[in-house]
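Reading through the C-alpha cells given below for one structure.
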Amino acid sequence: MKKVNALWTKAKNRVSGPHLAELFADLKVHDKYELQLKKMKAENSDKDGSYEAMVLKNYLKIIKQYDLENVYFGNDVTSADKRTDVEFTDSKLKSLWNKAQMAGFSAEDLSTLKDEFWHQQMKIQELEFMKSQKNDIPDPADNSVDTNEQVSNIKKSKTEIKDGYLRLEELVSSLPKNDPLFKDSRVHQLWALAKKTNWSEDELNSFKEELLHFENRLTKQSFYKEQLDMSAQKIESDLKDDNYLDRHRQLEEKHEVIYKNIKKLHTELKTKVTKALKHLEL
C-alpha cells in the first residue's frame with residue numbers, strides 16, 4: 001500500500017541499524033492488514049468499522065514505537081496510547097466530547113464512546129498524512145494512475161470522516177443505556193446535572209417530574225413542527241386556497257407560543273440546577 005511505502009521512505013532517514021530492519025518487518029505485516037481492509041471495504045464486510053479501527057491502531061502503534069510521530073503528525077503529536085487525559089486535537093471532536101460528558105452516560109458507556117472518538121481522531125490524522133504525501137507530487141495536474149489514486153483515497157477519507165461525525169453525533173444524542181427515563185438530549189443533560197447536586201431523594205424526584213413535564217412539552221412542539229412543515233409544503237403546491245392559508249397561520253401562532261414557553265421553561269430548569277451546583281461548590 002502506498003501509505004505504508006510513503007512512511008517507509010520517510011522513516012529510512014530517521015531509523016537505522018537493527019531498528020530499521022524491525023520496522024521493515026512490522027510494515028510488511030501491516031501492509032497485509034491494509035490490503036485486507038481494502039478488500040473488506042470493497043465488499044462492505046467491515047460494517048461496524050472494528051477491523052479498520054484495529055488497522056489504524058496498529059499503524060499508530062508502529063509510528064510511536066519507532067519515534068516517527070513528527071514524520072506522521074508533524075509537531076502536533078497525539079498518540080492513541082495517550083488516552084488517560086482525553087485531549088482531542090480536532091475542535092469539532094472536542095465540542096462533541098464535551099457534549100457527551102454532559103449527556104448522562106454511565107462510565108462504561110462513556111469509555112466505549114471514547115473509543116469511537118479515537119477512531120475518528122485516527123481517521124483525521126490519516127487524512128492529514130495522505131494530504132502531506134500528495135504535496136510531494138511534482139505536478140499537481142498530473143493525471144497518472146498514482147496521482148489519481150491518491151486523489152481518490154483522499155476523497156474517500158473525507159467521506160468516511162464526514163460519516164464518522166454523523167455517527168458520533170447520533171451516538172452522543174442517543175439514549176444512555178443506564179437511564180431510559182428520558183428521550184430528549186436536553187432533558188438528559190439537565191437530569192445528569194441534577195444527579196450531581198446534593199438534593200435529597202424527594203427533591204430529585206420532584207425535579208424529575210418537572211423534567212417529564214418539560215419533555216412532554218418538547219414532544220408537543222415536535223408534533224406541531226411536523227404539522228407546520230407539512231402545511232408549508234401544501235401551500236407551495238396550492239397558494240390559492242385562502243382557508244388553508246388561515247389554518248397555516250394558526251399553526252404558526254400555536255407553534256410560536258409553544259416554542260416560547262419551552263424556551264422559558266428550559267431556562268428556568270437550567271438556572272435551578274445550576275444554582276444548586278454552585279451552592280454545592282461553596
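Brief remarks follow.
- For the residue pairs 220/270; 234/263; 39/131; 41/114; 64/99; 57/183, alpha carbon separations beyond 32 Å are given by 57/183.
- Label point at residue 232 placed 7 Å out along Cα→Cβ; residues across segment 251-269 whose backbone nitrogen lies under 20 Å: 251-263
- Spin-label model, residue 155/residue 223: points 7 Å from Cα along the beta carbon direction are separated by 4.7 nm.
- Solvent-accessible surface (1.4 angstrom probe) belonging to residue 158, in square angstrom, nearest 10: 110 Å²
- Theoretical gain in end-to-end length, residue 48 to residue 212 [0.36 nm per residue, Cα-Cα removed]: 55.6 nm
The values are calculated or read from the model by the stated rules, or taken from the named source; none is laboratory data. Computed from a predicted model, the values in this text were never measured in an experiment. Positions of Cβ are backbone-derived with ideal geometry, glycine not excepted, and every protein chain shown enters the neighbour counts. The accessibility values were calculated without ligands, DNA or RNA, using every heavy atom of the protein model including side chains. Shrake-Rupley method; radii C 1.70, N 1.55, O 1.52, S 1.80 Å.
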